[in-house]
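The values are calculated or read from the model by the stated rules, or taken from the named source; none is laboratory data. Model, not experiment: these values are computed from the prediction. Quick reminder, even Gly has a Cβ in these numbers, built from the backbone with ideal geometry, and neighbours come from all protein chains shown. What goes into the accessible areas is simple: the full protein's heavy atoms, side chains included, and nothing from ligands, DNA or RNA. Shrake-Rupley method; radii C 1.70, N 1.55, O 1.52, S 1.80 Å.
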Amino acid sequence: DGRLTFFPGNQTVDLPFINFMKRYGTVFLNAYTNSPICCPSRAAMWSGLFTHLTESWNNFKGLDPDHVTWMDVMEKHGYRTKKFGKLDYTSGHHSVSNRVEAWTRDVEFLLRQEGRPMVNLTGDKTHVRVMGADWRNTDKAVNWIKEEAVNLTQPFVLYLGLNLPHPYPSPYAGENFGSSTFLTSPYWLEKVTYEAIKIPKWSSLSEMHPVDYYSSYTKNCTGEFTKQEVRNIRAFYYAMCAETDAMLGEVISALKDAGLLNKTIVIFTADHGELAMEHRQFYKMSMYEGSSHVPLLVMGPGIKERHQVPHVVSLVDIYPTMLDIARIPAPRNLSGYSLMPLLRGKAEDESSPGQARPSWVLSEFHGCNVNASTYMLRTGKWKYVAYSDGRSVLPQLFDLSEDPDELANVAMKFPVIVHSLDKILRSIINYPKVSSSVQEYNKRQFMSWKQSLGQNYSNVIANLRWHQDWLKEPKKYENAIDKWL
């Protein structure tokens, strides 16, 4: 959650290396993902293109494997490149459940696709390395810096992708099947100030926007939760952020020890945030701030220190920024703009001609846990969220200056603003058309998957993550699918 890198994160959890980057670099106060889910978000970051251009619709469908990323371009221009850890931008690694849930979101049924969110405390106060795979990848990156990067005569670019602070999926069987677990140890939990944790306000189920209700239901969050349960989920999430911060620290320390820190630009960001029980949801897949607002911090030579950038920016800006750092001309068709003028502390009008950054950012979502394609335009104090064809589902409008928790949808109150923001949105993306093509894609994909299974289709679908709900009335749900097809 990007808000943790400025206010209010510094009150709830100690993030020393994020703070180090703020002291010696620049923090973006309004950085957003272009799609709040792993694969489509990373596809946008690696390609510099909006989701409707990459057609990375869900966690199964990412970039074409032969797509040219900014790292490919830098390698061609003489950079030594290295990638460690989670990449997740060409996809194929996500479960059948993810795919089928994304494809069938237009079907008239409501099934819980997740286990109820829970916490798990492991080890004791000496247990530092909770997420073993992430630590192993961090160690690999650190060793590469100390053994390879330090001896290079050419410039290098190193990418380290962490899974943390992502909730950890539990087993697919038993009462906690598929449950998303916020996992940490007492060592990290001690870094969290429980008293500073804000318990989010929830709308009543009857007042919720229909798409939010669908999300809460499929995420198994419509039941009762005590304040203590909510506080614990949030505390464990912050503890997981503290462990992530320590991994960032390992990389910064390795660069320092190798004498490379003062000539290396370091960028820290994320593919999406975490709702951690805000708006009666966990995970991402939402345009609310907890899910769509990502961290973005940059430090290094030529980067302004102790600098906060209020402009709205997004992950598609990474591609042109990387090329700008390397002084490589950027392709003309990119969706993003270089962040370098903002990082040098220049006023926007000093940036190169013809490169004026727009005053808005776009995010869109077409995957599971949400039953309508969703489009978010963030500009000034406004966040405008449109759905589907723009008619069948009511839009949302939030004034983030008056209502930072996004509890009051003021779309009905400000029709003129809704109209003007919708006009801007349609000038960027023909969203009713995109929604319709995603619906067609989903149906096509589901049909070919169903055909590939033959008679076995119903048994397989009954065993996906929603099996506890599905098995109560399998015929009813099969009929709903037949009707949809």
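Odds and ends about this structure:
- So Y214, is it modelled with pLDDT under 95 and within 23 Å of the chain's Cα centre (by Cα): no
- Scanning segment 381-407 for residues being touching a strand residue (DSSP E or B) at 6+ places or on another chain (Cβ under 7 Å), without any contact (Cβ under 8 Å) to a residue 40 or more places away in the chain and either of a type in the set (F, W, Y) or under 19 Å from P200 (Cβ atoms) (or both) gives a total of 3.
- None of D72, D64 is among the acidic types (D, E), open to solvent by 30 Å² or more (accessible area, probe 1.4 Å), out of contact with any His (no Cβ under 6 Å at 6 or more places or on another chain) and part of a helix (DSSP H, G or I) except D72.
- One residue from V142, V130, V157 being part of a helix (DSSP H, G or I) and more than 21 Å from the chain's Cα centre (by Cα): V142
- Members of segment 100-119 that are of a type in the set (D, E, K, R) and modelled with pLDDT under 90: E114, R116
- The condition (being within 19 Å of the chain's Cα centre (by Cα) and either surrounded by fewer than 19 Cβ atoms within 10 Å (Cβ to Cβ) or in a loop (DSSP other than H, G, I, E, B) (or both)) is satisfied by just one residue among G390, G367: G367.
- If you go through segment 317-336 and pick out every residue that is crowded, with 24+ Cβ neighbours inside 10 Å and in contact with a Pro (Cβ under 7 Å, 6 or more places away or on another chain), you end up with 1.
- Extreme residue, farthest from K284 (Cα to Cα), among residues of segment 188-219 that are part of a helix (DSSP H, G or I) and open to solvent by 70 Å² or more (accessible area, probe 1.4 Å): E195
- Residue list for segment 265-286, filter: under 19 Å from the mean Cα position of the chain (by Cα) and not in a loop (DSSP other than H, G, I, E, B): I267, F268, T269, E278, H279, R280
- Taken over segment 220-264, residues that are in a loop (DSSP other than H, G, I, E, B), out of contact with any Ser or Thr (no Cβ under 6 Å at 6 or more places or on another chain) and either open to solvent by less than 30 Å² (accessible area, probe 1.4 Å) or touching a residue at least 40 places away in the same chain (Cβ under 8 Å) (or both) amount to 8.
- Complete set of residues in segment 373-385 that are within 15 Å of H52 (Cα to Cα) and in contact with a helix residue (DSSP H, G or I) (Cβ under 6 Å, 6 or more places away or on another chain): S373, Y375, L377
- Those residues of segment 160-187 which are of a type in the set (S, T, Y), part of a strand (DSSP E or B) and modelled with pLDDT of 95 or more, in sequence order: T184
- Here H77 meets the list (1) at pLDDT below 90; (2) surrounded by fewer than 17 Cβ atoms within 10 Å (Cβ to Cβ); (3) under 21 Å from T321 (Cβ atoms) almost entirely, failing just condition (1).
Yes/no matrix, rows are residues, columns are (1) surrounded by fewer than 21 Cβ atoms within 10 Å (Cβ to Cβ); (2) not in a helix (DSSP H, G or I):
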residue: F7; (1), (2): yes, yes
residue: Q11; (1), (2): yes, no
residue: M21; (1), (2): no, no
residue: T26; (1), (2): no, yes
residue: P36; (1), (2): no, yes
residue: A43; (1), (2): no, no
residue: W46; (1), (2): no, no
residue: S56; (1), (2): no, yes
residue: N59; (1), (2): no, yes
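- Residue that is farthest from S215 (Cα to Cα), among those in segment 284-316 that are of a type in the set (K, R) and surrounded by fewer than 24 Cβ atoms within 10 Å (Cβ to Cβ): K304
- Sole residue being closer than 25 Å to R3 by Cα, of a type in the set (A, V, I, L, M), surrounded by 17 or more Cβ atoms within 10 Å (Cβ to Cβ) and modelled with pLDDT of 95 or more, chosen from V130, V157, V142: V130
- Any hit, segment 397-404, residues being under 23 Å from L275 (Cβ atoms), in contact with a His (Cβ under 7 Å, 6 or more places away or on another chain) and surrounded by 14 or more Cβ atoms within 10 Å (Cβ to Cβ): no
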